[in-house]
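See below for the structure under consideration.
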Amino acid sequence: MTMPVIELCGVSRRYDDGPPALHEVSLTVWPGEAVALLGPSGSGKSTLLNLVAGLDRPDAGTVTVDGVRVDKLGEAGSAVYRRSKIGMVFQFFNLLDDLTVTDNVVLPARLAGMARREADRRAAELLELLAIDRHARTHPGRLSGGERQRVAVARALMNRPALLLADEPTGALDTAAGQDVSRLLRGLNAEGQTIVVVTHDLALARSCTHRTVRIADGRIVADGRSVEDARSQAALAPEPAAWQAVTPVNVTSANVASEDVR
Ligand code: ADP
């Protein structure tokens, strides 16, 4: 029987006395899916990502990733979980500039105890796969944004994660570099990599995912096969006034690629 990669059941999280950042959220992501998580600023996307990454704990509900009850892990267990089960890609790459590209990429494997030679071999394979191998000995500071993001993706894949989590991976890139990263993610998904990408970039959501989950006011308001599908579901959802206020009334193919959902 296939096991979900992510299974959130009735997950709630509230900070201090504020309104719930997440309210009884349930979500299942299956192996091989590529899911875009969309929603206005403050809707709970980072909170959800942090819970899936084991960086935070829910107040209620369960978080299971690739069979691991992430909400039950302590600090040490959650660090091991992050290293072994998930790869993370961030808007600003989070690479170490005083290390070479190769040394950045091997880092997660070295932390996981892989021998240097084996880690170097895998890093070389990944850098070649991601067409960044000619920069193996360069320092990331000398690379373009798109190249840095390729390195960050290579690093994220180093430990063969069950789940690749990308948080605004094109947010700091120009259009061409963003399309390049988008193609890269699509290619990885075509090879079977499960991906969840949090983004405001609808072009990215359209081109490299086949499922769009919209979140507003800490609840999932739509879950569709395309951006449009999820958009029309969201418009019908009764609760999220904040979301409806920012949903464009007329969406044309001309403006949709650059539209920001905030
Ligand atoms: P998004 O990623 O969609 O912008 P967040 O998950 O960051 O949304 O935030 C959801 C809600 O939780 C917001 O109201 C935000 O102000 C609140 N929030 C997020 N992190 C914290 C925190 N560390 N302390 C207090 N409130 C927080």
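Things worth noting here:
- The range 1-109: relative contact order as a whole-number percent, Cα under 8 Å and 6+ apart: 25 percent
- Amide H partners (placed H, <5 Å) of Leu164, local residues excluded: Gly87, Thr194, Ile195, Val196
- For the range 1-65, diffusion coefficient by Stokes-Einstein and Kirkwood Rh (Cα), 37 °C, 0.692 mPa s, µm²/s: 266 µm²/s
- The chain - share of DSSP beta bridges that are antiparallel (%, nearest 5): 55 percent
- Short to long, the 5 Å bins of the Cα pair-distance histogram for the range 31-126 hold 2, 11, 17, 19, 18, 17, 10, 4, 1 percent of all pairs.
- Cα Rg, Dmax (largest Cα-Cα span) when computed across the range 53-183, Å: 15.4, 48
- Overall, the chain carries a charge dipole of about 680 debye about its Cα centre when +1 sits on the Cβ of Lys and Arg and -1 on the Cβ of Asp and Glu, all other atoms neutral.
- Taking every DSSP helix (H) stretch of at least 4 residues in the chain, weighting each as -39,500 (n - 2.57) and dividing the sum by the residue count yields a mean residue ellipticity at 222 nm of -11000 deg cm²/dmol.
- Protein heavy-atom surface of the chain, 1.4 angstrom probe: 50% of the accessible area is carbon and sulfur, with nucleic acids and ligands not counted.
- Hydrodynamic analysis of the chain uses the Kirkwood radius over alpha carbon pairs. Inserted into Stokes-Einstein at 10 °C and 1.306 mPa s, it gives a translational diffusion coefficient of 84 µm²/s.
- Tilt relative to the chain, helix 227-236 - C-alpha long axis, 0 to 90 degrees, to 10: 30 degrees
The values are calculated or read from the model by the stated rules, or taken from the named source; none is laboratory data. Since this is a predicted model, take the numbers as computed values, not measurements. Methodologically, a virtual Cβ is constructed for each residue, glycine included, from the backbone with ideal geometry; neighbour enumeration extends over all protein chains shown. Heads up: the accessible areas ignore ligands, DNA and RNA and are worked out on the full protein's heavy atoms, side chains in. Shrake-Rupley method; radii C 1.70, N 1.55, O 1.52, S 1.80 Å.
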